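Since the structure comes first, as C-alpha cells, the remarks are kept for the end.
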Amino acid sequence: MTDPTIPPETATPETSAPRGFWQRLFDSDIWFSWSRSPVTIIATLVALALILGAALAPWIAPHTPFNPATVELMDGFTPPGAQALSGTSYLLGTDDQGRDMLSTIMYGSRVSLFVGFAATLFAMTLGIALGLTAGYRGGFADTLIMRIADVQLSFPAILIALLIFGVAQGLIPASQQEQTAVWVLILAIGLSNWAQFARTVRGTTMVERQKDYVSAARLLGRNPLAIVTRHVLPNVLGPVLVIATISLALAIIEEATLSYLGVGVPPTQPSLGTLIRIGQRFLFSGEWWILAFPAVTLILLALSVNLLGDWLRDALNPRLRK
Amino acid sequence: MLIFILRRLFQSVIVMLVVALIAFLIFRYVGDPIVSMAGVDTRLEDQELMRQRLGLNDPFYVQFWNFLTNALQGNFGISYRLQQPAMRLILDRLPATIELAVVSATLALVLGVLMGIFTALRARSFLSGVIMTLSLVGVSLPTFLIGIGLIYIFAVELQWLPSNGRGVTVQLGWWRTGFLTESGLRSLILPAITLSLFQMTLIMRLVRAEMMEVLRSDYIRFARARGLPDRVINFRHALKNTLVPVITITGLQLGSVIAFAIVTETVFQWPGVGSLFITSVQAVDVPVMATYLMMVGLVFVTINLVVDILYYLVDPRLRVQGKGR
C-alpha cells in the first residue's frame, strides 16, 4: 500500500493515433494478466453466469416460484429431472411446496447479490469518505476515526451485523419490518465492513497528500473538498477496488449466514441463506436437492468472487509485475 | 512491568465503559421497557407509576450510573421473553459454550501449529499441496455450510455421530458438563470441528508463513553451518521465534471463536449462549442482548489484556524498551 498503483492503461506507452476503448483494453496489462490465468477466466465466467441468471430471473426463470397461482402443490418433492405428477419435469427438482428449485435459486441469488452489492457499495462509500477525511485532515479527526475502526475490527463482523440488526428491529414498528428488512440488512452488513476501506484509503491518502500535485492544487486555491474528491480520490481507487471485490464475497457470505440464522431477509423474499435454512429440514428425509443446489450456488458465488479478488490484488500490485 | 500492566488495565476499563454505554443505550432506548414488561392493557397511570419506580424519569447520567452499579452486581434486568433474570439465562448456558469454545480452540491451535510446521518444512511435498488447497477452500466456505456438510456425511450417511444437542450431561455444582458421558463427548465432536476449522486454517497459514520467513534468516543458516541436527534447528531455534505473532493472533482469534459459536450452535442446536443470543435478536429481547454484549465485551477485553501481557513476557525486546523509558 506504500506506492500508489499506476492505472494500468496509462502504464503502457501511448502509441500513435487515439485508439478505441476495446483496443486499449486488449493492450492493457490487466487484460494480459487476465487472459494468462485459466482459473481467473473460469471464475469470471462462473460469476458472470450467476450474476446474469440472477439479474434476468424474472425473464428467463422457467417458473415464477413466488406466485401461488403457478405453483403445483402436487409436484412437491420431485427429484431433479424426474417427471412430476402434473407431467412437468423440473431440472433441479422441486421443494416441499412444489416450487421449481432452479427458479427459486435464481430469485434467491437475486436477493443475495442485491444485498451483497448494496452493502459493499455502502461500506465503500462510508469507508472512502471517512478514510479521506482521516488521511487528509489528520489530527483529531484521524485519531477518532481510526480508533473507532480499530475497536470495530477487533470484533467479528457477523457479531456487529447481528447487533445492528437486532437494534434496528427493535426501533422499527413490527408492521413495517418486512418491507424494511432488506435495507436494515444492507445497513448492518455495510456498517460492519467499512473499516477495511477506511484504513486503506487513509494510508494511501497520507502518501498522496505529500505529493506535488496536491500542493499545486492547494496553491491554486482549490478548496479542500475539491482537492480530495477530484485529485486524491482517483489515485486511491486501485487498492479500493481490490478490497471491494473481497468485501463483496464477505458480504454475500455474511448475508447468507444472517439469513441462515433466521435474522436476515423475510421468508417472503428468500435469499440463498434462507433456502439453505429451509433445505436443512429435509436433509434427514433424503430430499437432498432442496439443500444441495442452493448450497452449491452459494459456494460457487463466494469462491469465484474470492478468486477474482485474489487475482485483482496480484494484477494491480506493481511489485509483483514482471 | 507494573506500570505497563496498570496502563493496559486502565485502557481496558475505558473500553468496558464504552461497551457498557452502548449496552445501556440499547437497553434503555430500543423499544419501551414499560410496554415490553407491562403489556398493552395496563392503565396509563399504572405505567407512569412503574416508570417512576424503575427510575426511567431520572436524568440520563443517574440512569447510566444505576445501570453500571446493577451490572457490577450481575443484575441486568428481566428477560422480556422468558421472564427470568437475563444474567441467570446467560450463566445457565455459558458452560455449554465454554466447553465447545475451549475444545475447538485447542483443536485449532494444536492441529494448526502442527500442520503449519509440516507445510513449512516440507513445502514441496504432495501432502503440503493438498493441505494448502483444502485450507483455501476452507477459508471461503461459510461456517454453517461446513457444519451442514459434516452433519450430512457423519450423521445422515454414515450415522456415526449425533447431529444436534449436547447428549447426556452431568451437573457439577452450577456447571453442567458434557465431558463425563460418552454421548456428551460424541455430541461435541462435529460442532468442535466445525468451529475450529476456520481458526485452524488461519493459524496454519500464519505459522507456515512465519516459519518460512525465519528459516531463511541468517542465524538459522549459521546454526546449519555449526552442524546442529535438523530437529534442534527446526524446533528450538526456528519454532520459538515464530510463536510470538502466533500467540497474538490466536489470542485475538479466541474472541471470534465466540462469535462463530453463534453460527455453529445454531447449526447443531447446541444449547449455548450463542443460540440464546440469536433467539433474543429474533424476539427483540433487549435485556438478554445487552447482557450478552457486556459479556462478550468483557471476554474480548480480558483476552486482549492477557495477550498483551503474554507478549510482554515472551518477547524480551519489549521489556528492555520498557526499562529504557
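The values are calculated or read from the model by the stated rules, or taken from the named source; none is laboratory data. Keep in mind the model is a prediction, meaning the values are calculated, not measured. So basically every Cβ, Gly included, is an ideal-geometry build from the backbone, and we count neighbours across all protein chains shown.
If you scan region B:169-208, which residues turn out to be touching a residue at least 60 places away in the same chain (Cβ under 8 Å) and either aromatic (Phe, Trp, Tyr) or farther than 23 Å from B:Ile258 by Cβ (or both)?
Result: B:Trp174, B:Trp175, B:Phe179, B:Phe198, B:Arg208.
Read through the list (1) modelled with pLDDT of 75 or more; (2) of a type in the set (A, V, I, L, M, F, W, C); (3) within 23 Å of the chain's Cα centre (by Cα); (4) loosely packed, with under 14 Cβ neighbours inside 10 Å, then give the number of the only condition that B:Trp160 fails.
Every listed condition holds for B:Trp160 apart from (3).
Please state which of the following conditions A:Phe197 fails to meet, knowing it meets all the rest: (1) of a type outside the set (D, E, K, R); (2) touching a helix residue (DSSP H, G or I) at 6+ places or on another chain (Cβ under 8 Å); (3) within 14 Å of chain B (Cβ to nearest Cβ).
For A:Phe197, the failing item is (3).
Being free of Cβ contacts under 8 Å to residues at least 60 places away in the same chain, facing chain B (nearest Cβ under 10 Å), over 30 Å from A:Pro58 (Cβ atoms) and surrounded by fewer than 23 Cβ atoms within 10 Å (Cβ to Cβ) narrows it down to one of A:Leu159, A:Leu144, so name that one.
A:Leu159 is the lone residue from the list that is free of Cβ contacts under 8 Å to residues at least 60 places away in the same chain, facing chain B (nearest Cβ under 10 Å), over 30 Å from A:Pro58 (Cβ atoms) and surrounded by fewer than 23 Cβ atoms within 10 Å (Cβ to Cβ).
Look through A:Thr204, A:Thr297, A:Thr257 and report the one residue that is within 13 Å of chain B (Cβ to nearest Cβ), among the polar types (S, T, N, Q) and in contact with a Pro (Cβ under 7 Å, 6 or more places away or on another chain).
After ruling out the rest, the residue left standing is A:Thr257.
When you go through B:Val137, B:Val156 one by one, which is the residue that is out of contact with any helix residue (DSSP H, G or I) (no Cβ under 6 Å at 6 or more places or on another chain) and more than 23 Å from A:Ala249 (Cβ to Cβ)?
Values: B:Val137 fails: more than 23 Å from A:Ala249 (Cβ to Cβ).
Result of the check over B:Val137, B:Val156: B:Val156.
Return the residue satisfying two criteria in turn: it lies in region B:107-133 and is closer than 28 Å to B:Gly165 by Cα and touching a helix residue (DSSP H, G or I) at 6+ places or on another chain (Cβ under 8 Å), and of such residues it is farthest from the other protein chains (Cβ to nearest Cβ). Steps first, answer last, please.
Initial filter on region B:107-133 (closer than 28 Å to B:Gly165 by Cα): B:107-112.
Filter once more, keeping what is touching a helix residue (DSSP H, G or I) at 6+ places or on another chain (Cβ under 8 Å): B:107-109, B:111-112.
Values: B:Leu107: 19, B:Ala108: 15, B:Leu109: 18, B:Leu111: 21, B:Gly112: 18 Å.
Going through the qualifying residues, I end up with B:Leu111.
For the list (1) among the hydrophobic types (A, V, I, L, M, F, W, C); (2) closer than 24 Å to B:Ile22 by Cα; (3) within 14 Å of chain B (Cβ to nearest Cβ), I need the number of the one condition that A:Ile246 fails.
Every condition holds for A:Ile246 apart from (2).
Which is β-branched (Val, Ile, Thr) and out of contact with any Gly (no Cβ under 7 Å at 6 or more places or on another chain), of A:Val263, A:Val242? Steps first, please.
Details: A:Val242 fails: out of contact with any Gly (no Cβ under 7 Å at 6 or more places or on another chain).
Being β-branched (Val, Ile, Thr) and out of contact with any Gly (no Cβ under 7 Å at 6 or more places or on another chain) holds for just one of A:Val263, A:Val242, which is A:Val263.
For the condition farther than 18 Å from A:Ala157 by Cβ and modelled with pLDDT under 85, what is the one hit in A:Gly238, A:Gly264?
Criteria check complete, one pass: A:Gly238.
Evaluate region A:165-175: report whether one residue or more is crowded, with 22+ Cβ neighbours inside 10 Å and closer than 25 Å to B:Gln11 by Cβ.
no
Just checking, which of A:Ile246, A:Ile276 is free of Cβ contacts under 8 Å to residues at least 40 places away in the same chain and closer than 17 Å to A:Ile299 by Cα?
Of A:Ile246, A:Ile276, the one residue that is free of Cβ contacts under 8 Å to residues at least 40 places away in the same chain and closer than 17 Å to A:Ile299 by Cα is A:Ile276.
How about region B:1-97: which helices (runs of 4 or more DSSP H) wholly inside it have at least 1 residues that are on the phi > 0 side of the Ramachandran plot and modelled with pLDDT of 80 or more?
Ranges flagged: none.
Sort through B:Thr248, B:Thr291, B:Thr279, B:Thr264 and tell me the only one that's surrounded by fewer than 23 Cβ atoms within 10 Å (Cβ to Cβ), farther than 14 Å from B:Val113 by Cα and within 14 Å of chain A (Cβ to nearest Cβ).
B:Thr279
Working only within region A:263-285, note down all residues that are touching a helix residue (DSSP H, G or I) at 6+ places or on another chain (Cβ under 9 Å), within 11 Å of another protein chain (Cβ to nearest Cβ) and surrounded by fewer than 16 Cβ atoms within 10 Å (Cβ to Cβ).
A:Phe284
Residues are listed down the side, and each one gets a yes or a no for (1) assigned to a helix (DSSP H, G or I); (2) among the hydrophobic types (A, V, I, L, M, F, W, C):
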| residue | (1), (2) |
| --- | --- |
| A:Ala256 | yes, yes |
| A:Ser259 | yes, no |
| A:Gly273 | yes, no |
| A:Gly279 | yes, no |
| A:Leu283 | no, yes |
| A:Gly286 | no, no |
| A:Ile290 | yes, yes |
| A:Phe293 | yes, yes |
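Residue check: is A:Val240 assigned to a helix (DSSP H, G or I) and more than 10 Å from chain B (Cβ to nearest Cβ)?
Against the criterion (assigned to a helix (DSSP H, G or I) and more than 10 Å from chain B (Cβ to nearest Cβ)), A:Val240 qualifies.
So, in region B:127-157, of the ones that are over 21 Å from the mean Cα position of the chain (by Cα) and aromatic (Phe, Trp, Tyr), which residue ends up farthest from B:Val263 (Cα to Cα)?
Across region B:127-157, the extreme among qualifying residues is B:Phe154.
Given the residues B:Ala108, B:Ala120, which is the only one that is at pLDDT 80 or above and closer than 20 Å to B:Ala261 by Cα?
None of the others qualify; the one that does is B:Ala108.
With the checklist (1) under 17 Å from A:Leu258 (Cβ atoms); (2) touching a His at 6+ places or on another chain (Cβ under 9 Å) in hand, flag the one item A:Arg99 doesn't pass.
Evaluating A:Arg99 over (1) under 17 Å from A:Leu258 (Cβ atoms); (2) touching a His at 6+ places or on another chain (Cβ under 9 Å) leaves (1) as the failure.
Inspect region A:297-310 for any residue being outside any helix (DSSP H, G or I) and more than 23 Å from A:Thr200 (Cα to Cα) and give the result as yes or no.
Step one: of region A:297-310, the residues outside any helix (DSSP H, G or I) are none.
No - not one qualifying residue is present in region A:297-310.
Residue by residue through region A:188-246, note down the ones that are under 23 Å from the mean Cα position of the chain (by Cα) and of a type in the set (Val, Ile, Thr).
Listed by number, the residues that qualify are A:Ile189, A:Thr200, A:Val201, A:Thr204, A:Val236, A:Val240, A:Val242, A:Ile243, A:Thr245, A:Ile246.
Answer yes if at least one residue in region B:130-138 is buried (at least 16 other Cβ atoms within 10 Å of the Cβ) and more than 30 Å from A:Leu272 (Cα to Cα), and no otherwise.
Within region B:130-138, none of the residues are buried (at least 16 other Cβ atoms within 10 Å of the Cβ) and more than 30 Å from A:Leu272 (Cα to Cα).
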